[in-house]
Amino acid sequence: MLKQINLSYNNCKYYKDNLCNKFDFAIPDEISIDNLENIPYIPTGTYKKSGNRTLNLLKVPLENIALFSCSSSTTGDPSIVPRTLEDFDQLQYNSIKVFTEFFGWEQLKIGSKRALTINFSPDRFFMSVMAKRSVKGFEYVDKTRYYTACMNKPWEFYGYEEYLVKVKFLKTIWALISTFSLKGGFILDVTKLLKMVKKIKETGHWKNIEVSKILFGGSPLLMNNMFEKKLLKENVFHDLDGISLVGCGGGGWDGTKGEAKMDRVNKTKFIESYEKVFNIKSKDIRDIYAFTEGPTLFGGHWSEKYQDFLLHCPDTARIIVRDLENLEPVNNGEEGLLEVLTPYGVNGTINQAVLVDDIIELISKNKCPECGYKGATFRIIGRLKNAQGKSCSSLINWIY
């Protein structure tokens, strides 16, 4: 961590002038758990496209940047984050780590068997097109990819992927003409999903692949839409107990994912829907939390006590939960803004300490009280901008 701070200070004028000076931060001789809270953090909003700061946040020469990651923006103003090849290697490692710990990858690839991942998203080609459209006007648009597309790449080694979000070209053309956007140009191919499930239950195969498990992956917003608009109404039922896993990821619990805007997802009803339609129990449903501005992935399991997913900080990172009023660290059982610190996968830019606009409850600083996972445990409460009765008196001053 000390190395990353020194690189940021020496190679990034923005870090030195706008962060270190504002925090009155002098680089110490050593970094320990006891002084992590003093490290200058950068708010996620600093990476927004509208701020035009991305190239000012580098800590290495531009030629060392392999690609830029962007968020699937819910506001039309995506974050753009520069990353080196080493950063992407670390991101892949972080992905494999969380998928192994929370999905048991060793059980997915056995002999000739592979997992079938039913992905609630467009395919990689169209994701790359959407990413370039999202950051149109950015100088390095051709070197920009969605963060989630990079994060999910390791799935392809352990299984075969099918994508459910399809493009209807006539609808897309009409959407562009009538609304000047791609809204309305996509469909969620639930019929294909049911066809795959039926085929695997009858034969154990899909497209000449012997299937070890069926994995439902992607946005919970689109999964929930599938249940409410079709499967629950039509009383569809398939018993997938013991042969399926669910991996929620990419956000969308609040009802918004990119250009898709629907009702907020009730997590308890969501869990109940999977059991009612597919007999998939809560123990086989996981959530993955991540954000574009950092390389860390947090795996989580369902908690009956909290009626929510408990998320776990891996050993490659540390978190601090900061009070909404004074931004001081809070204790177990208290709410605040999430800060994530890591020295790994942050070679390209000054994101070794990032403050997120998500409000979380700190369940435990040391280990999960339910599963025993070592590391901080937390759950997501909401977002600062959407939280009624919440405030943060310093936001206006320190955010940029």
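The values are calculated or read from the model by the stated rules, or taken from the named source; none is laboratory data. These numbers come from a predicted model, not from an experiment. Because the Cβ atoms are built from the backbone with ideal geometry, glycine has one as well, and the counts that use them run over all protein chains shown.
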Practice problem: Collect the residues in region 97-123 that are among the aliphatic types (A, V, I, L, M), closer than 18 Å to Asp284 by Cα and either at pLDDT below 90 or touching a helix residue (DSSP H, G or I) at 6+ places or on another chain (Cβ under 8 Å) (or both), keeping them in residue-number order. | Solution: Leu108, Ala115, Leu116, Ile118
Self-check item: Conditions (1) surrounded by 14 or more Cβ atoms within 10 Å (Cβ to Cβ); (2) charged (D, E, K, R); (3) free of Cβ contacts under 8 Å to residues at least 12 places away in the same chain; number of the one not met by Lys97
Solution: (3)
Quiz prompt | Tally, over region 11-40, of residues that are hydroxyl-bearing (Ser, Thr, Tyr) and not in a helix (DSSP H, G or I) | solution = 1
Self-check item: region 1-16, subset of a type in the set (S, T, N, Q) and over 23 Å from Ile319 (Cβ atoms), residue surrounded by the most Cβ atoms within 10 Å (Cβ to Cβ)
Solution: Asn11
Self-check item: Total residues in region 331-355, condition assigned to a loop (DSSP other than H, G, I, E, B) and within 17 Å of Lys3 (Cα to Cα)
Solution: 10
Quiz item: Just checking, which of Lys183, Lys168 is at pLDDT below 85, touching a Gly at 6+ places or on another chain (Cβ under 7 Å) and not hydrophobic (A, V, I, L, M, F, W, C)?
Solution: Lys168
Exercise. State whether the residues of region 48-55 include one that is more than 27 Å from the chain's Cα centre (by Cα), charged (D, E, K, R) and surrounded by fewer than 20 Cβ atoms within 10 Å (Cβ to Cβ).
Key: no
Practice problem: Provide a single number: the residues in region 296-340 that are buried (at least 23 other Cβ atoms within 10 Å of the Cβ), in contact (Cβ under 8 Å) with a residue 60 or more places away in the chain and among the aliphatic types (A, V, I, L, M). | Solution: 4
Practice problem: Mind telling me which of the residues Leu311, Leu324, Leu337 ends up being within 16 Å of the chain's Cα centre (by Cα) and not small (Gly, Ala, Ser)? | Solution: Leu311
Quiz item: Looking at region 191-214, which of its residues are aliphatic (A, V, I, L, M), farther than 10 Å from Tyr160 by Cβ and either part of a strand (DSSP E or B) or in contact with a strand residue (DSSP E or B) (Cβ under 9 Å, 6 or more places away or on another chain) (or both)?
Solution: Leu193, Met196, Val197, Ile200, Ile214
